[in-house]
Amino acid sequence: MTPLLVKDLSKTYPGFTLSEIGFELAAGKITGFIGRNGAGKSTTLKSLLNYVHPDSGDIRFFGLDFKKHEQEIKTRIGYVPGAFEYYGKKKIKKITDTVRGFYPNWDEKTYRALLSRFSLDENKTPEALSAGMKVKYALTLALSHGAELLILDEPTSGLDPVSREDLLEIFLDLCDEGKTILFSTHITSDLEKCADHILYIREGTLIADQPIDAFTDAWRLTEVQPENCTEKQLSLLHGMRRGKNGSTALVRTVDAEKLGLPVMDADLETVMVHLEKEEAE
């Protein structure tokens with residue numbers, strides 16, 4: 001049973017439209033959600049959980065219609081928003097006492113084990129936790145009520161490199177345990193280390209839904225001096241960006257030989273920033 005199936009999800013605001021978003025998550029895998037600020041990532045994630053009311057669309061978690069089974073579904077998923085704050089001066093154990101009451105399937109043994117695993121001190125307050133430890137606490141709450149699917153909005157944003165690596169290892173461990181993860185991020189290098197699949201959204205429209213390797217393998221990067229290129233060469237280039245020693249641009253892998261210039265592999269960030277440049281032109 002797929003953890004999440006979305007069809008034709010739409011939401012219109014003045015000046016912005018989320019347009020017929022559709023995708024399916026594979027169980028036990030990590031899917032990254034990428035796109036520029038304002039592209040629709042957070043709107044999509046919040047719409048999935050009815051924090052934003054979509055205008056239309058079919059959303060099914062574990063085969064269940066979200067509108068009809070919202071309460072049951074929310075006991076099986078964990079959501080960590082991009083900007084979340086707890087009561088800053090209350091001790092963690094007091095916050096947990098409140099959260100525990102909402103979940104009939106709360107597992108205290110799992111909670112205690114996760115506190116130990118993440119080195120969380122129940123007697124600390126949220127304001128005493130680093131950004132990384134706050135994310136770990138949010139994960140602890142989600143996993144203690146048996147969340148099978150984690151939806152994370154920018155979970156590694158603002159973390160130092162070591163803390164980010166720690167979280168990525170946790171995500172991989174959770175997938176080994178059968179959990180499914182969907183998370184949005186601007187740090188595309190994080191996805192290349194842990195994700196299997198990407199969703200790429202641009203101006204409210206999903207333009208890519210595929211394995212990361214397939215997405216990046218479709219493109220090659222080349223360094224050019226535009227004034228020295230022929231019209232044919234220029235026609236094969238995508239999203240040219242000025243660099244310190246000239247310009248860089250993408251070429252489709254199938255067109256690389258036609259270009260007649262040296263090319264190199266392109267990583268996920270490189271492909272995304274050049275495609276965004278092309279769209280803006």
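About the Cα centre of segment 1-124, what is the dipole size in debye to 20, counting +1 per Lys and Arg Cβ and -1 per Asp and Glu Cβ, all else neutral? Let's see the in-between values first.
Values: 21 positive and 14 negative charges, 117 e Å.
Charge dipole, segment 1-124, about its Cα centre: 560 debye, nearest 20.
Among Trp106, Thr43, Thr125, whose Cα lies farthest out toward the positive end of the dipole of segment 4-214, if unit charges sit on the beta carbon of Lys, Arg (+1) and Asp, Glu (-1)? Checking the options against the dipole of segment 4-214, the answer is Thr125. Between segment 115-139 and segment 202-254, the C-alpha centres lie 42 angstrom from each other. With K and R counted +1 and D and E -1, the other residues having a Cβ less than 11 Å from that of Gly146 yield a net charge of 0.
To make sure I understand, if each residue's beta carbon is the centre and we count other beta carbons within 10 Å, what order do Lys41, Lys90, Lys68 fall in, fewest to most? Intermediate values should be presented prior to the final figure.
Working: Lys41 24, Lys90 14, Lys68 10.
Fewest to most other Cβ atoms nearby, the residues stand as Lys68, Lys90, Lys41.
When the distances between all Cα atoms of the chain are binned every 10 Å from zero, what whole-number percent does each bin get? Result, from short to long distances: 6, 26, 30, 22, 11, 5, 1 percent. Of the chymotrypsin sites (Phe, Trp or Tyr not before Pro) found in segment 1-98, the ones in coil according to DSSP and having at most 14 other Cβ atoms within 10 Å of their Cβ are Tyr51, Phe84, Tyr87. Computed over Cα pairs, the Kirkwood radius of segment 163-227 leads via Stokes-Einstein (1.306 mPa s, 10 °C) to a diffusion coefficient of 114 µm² per second.
Dipole magnitude for the chain: computed about the Cα centre from +1 point charges on Lys and Arg Cβ and -1 point charges on Asp and Glu Cβ, it is near 1080 debye. Relative to the longest principal axis of the Cα atoms of the chain, the long axis of helix 161-176 makes an angle of roughly 70 degrees. Each eigenvalue of the Cα gyration tensor of segment 1-62, multiplied by 5 and square-rooted, gives one semi-axis; in descending order these are 20, 14, 9 Å.
So, counting K/R as plus one and D/E as minus one, what does the shell of residues with Cβ under 12 Å around Ser163 add up to? Mind dumping the intermediate values first?
Values: positive: Lys134, Lys136, Arg164; negative: Asp160, Glu165, Asp166, Glu169, Asp190.
Local charge sum for Ser163: -2.
Pulled fully out, how much extra length does the chain show between Lys91 and Asp8, if you take 0.36 nm times their separation in residues and subtract their Cα-Cα distance?
Values: separation 83, 0.36 × 83 = 29.88 nm, distance 4.23 nm.
Value of the extension gain: 25.6 nm.
Each Lys or Arg adds one and each Asp or Glu takes one away; over the other residues whose Cβ falls under 14 Å from the Cβ of Lys124, this sums to +4.
Every number in this text was worked out from the coordinates using simple rules, so none of it is lab data. From a predicted model like this one, the values you see are computed outputs, not experimental measurements. Heads up, the Cβs are rebuilt from the backbone with ideal geometry, glycines too, and the neighbour counts pull from every protein chain shown.
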